[in-house]
Amino acid sequence: MNKTFIMLKPDAMKRGLEQEIIKHFTDDGMTIEKSNHVLVNEELILNHYKEVIEKVTIVGFKERLLREFVGETVAIYVLSGTEGIIERVRELVGPTEPVKADKHTIRGKYSQDSYALAADEDRPVRNLIHASDSPESVIKETSLWFD
Ligand code: GDP
């Protein structure tokens, strides 16, 4: 697999960070295969986060995701490059909780958010970007968001 799927979440879009974040990937030698802006509805986001909703045990997590995403615009991209692009993109993105992310990663550079602050404000952690974590996710997420 030499392709991956990413989504710039509403926090990145509202802060006007789309082009700046995408530059991290193109500067790393990746090519934009396709991209689009999508207005998110409930069905899309519940489908996208189906496994995460089943995994995360935080009370009200699903409702927080719905509040964060439904009615908001996200940017979706398919990036292509060399073998290992899925792992390379996730390396550039950094770990889920921005406060734990290295300053050289996208999440660490542009966000200081934490699980604790997110819980206080009754919302999901704002970490700017989603990146597929396996070839199966790339296929599922690309067809979900582009078709
Ligand atoms: P990712 O691959 O790093 O985005 O992490 P996951 O796919 O496991 O989780 C998807 C999204 O759900 C994350 O990007 C967070 O926005 C949110 N999330 C996951 N786990 C937690 C958690 O333990 N606490 C909070 N507040 N949000 C979480």
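Overview of results
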quantity: Accessible area in square angstrom per residue, the chain, 1.4 angstrom probe; calculated: 53 Å²
quantity: Rg ratio (alpha-carbon, reference 2.2 N^0.38 Å) - the stretch 82-124; calculated: 1.32
quantity: Within straight-line cross-link reach of residue 62, aspartates and glutamates at Cα separation under 20 Å, skipping those fewer than 8 residues along the same chain; calculated: 11, 42, 43, 51, 54, 72, 97, 113, 120, 121, 122, 141
quantity: ³J(HN,Hα), Karplus 6.51/-1.76/1.60, whole Hz, each residue of the stretch 102-108, x for Gly, Pro; calculated: 4, 5, 7, 8, 4, 5, x
quantity: Relative contact order for the chain, counting Cα pairs under 8 Å that sit 6 or more residues apart, in percent; calculated: 36 percent
quantity: The chain: most fluctuating residue of 116, 75, 101 per GNM, C-alpha cutoff 10 Å; calculated: 116
quantity: Gyration tensor verdict on the stretch 59-107 (Cα atoms; rounded if a/c is under 1.5, prolate if a/b is larger than b/c, oblate otherwise); calculated: oblate
quantity: 24 Å Cα-Cα threshold exceeded, pairs from 14/103; 23/100; 55/109; 3/50; 50/109; 9/55; calculated: 55/109; 50/109
quantity: Most mobile listed residue (70, 59, 93) in the chain, GNM with C-alpha springs under 10 Å; calculated: 59
quantity: Distance (nanometres) between label positions extended 7 Å along Cα→Cβ at residue 2 and residue 46; calculated: 3.9 nm
quantity: Cα convex hull of the chain, projected area averaged across orientations, nm²; calculated: 8.1 nm²
quantity: The stretch 39-68-the stretch 88-147 distance, computed between alpha-carbon centres (Å); calculated: 14 Å
quantity: Simple Cβ-charge dipole of the chain, Lys/Arg +1 and Asp/Glu -1, about Cα centre, in debye nearest 20; calculated: 220 debye
quantity: Contact order normalised by residue count of the stretch 60-147, Cα under 8 Å, 6+ apart, percent; calculated: 27 percent
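The values are calculated or read from the model by the stated rules, or taken from the named source; none is laboratory data. As the structure is a prediction and not an experimental result, all values here were calculated from the model. Glycine also receives a Cβ, built like all others from the backbone with ideal geometry; neighbour counts cover every protein chain displayed. Protein only, heavy atoms only, side chains kept; ligands, DNA and RNA dropped before computing areas. Shrake-Rupley method; radii C 1.70, N 1.55, O 1.52, S 1.80 Å.
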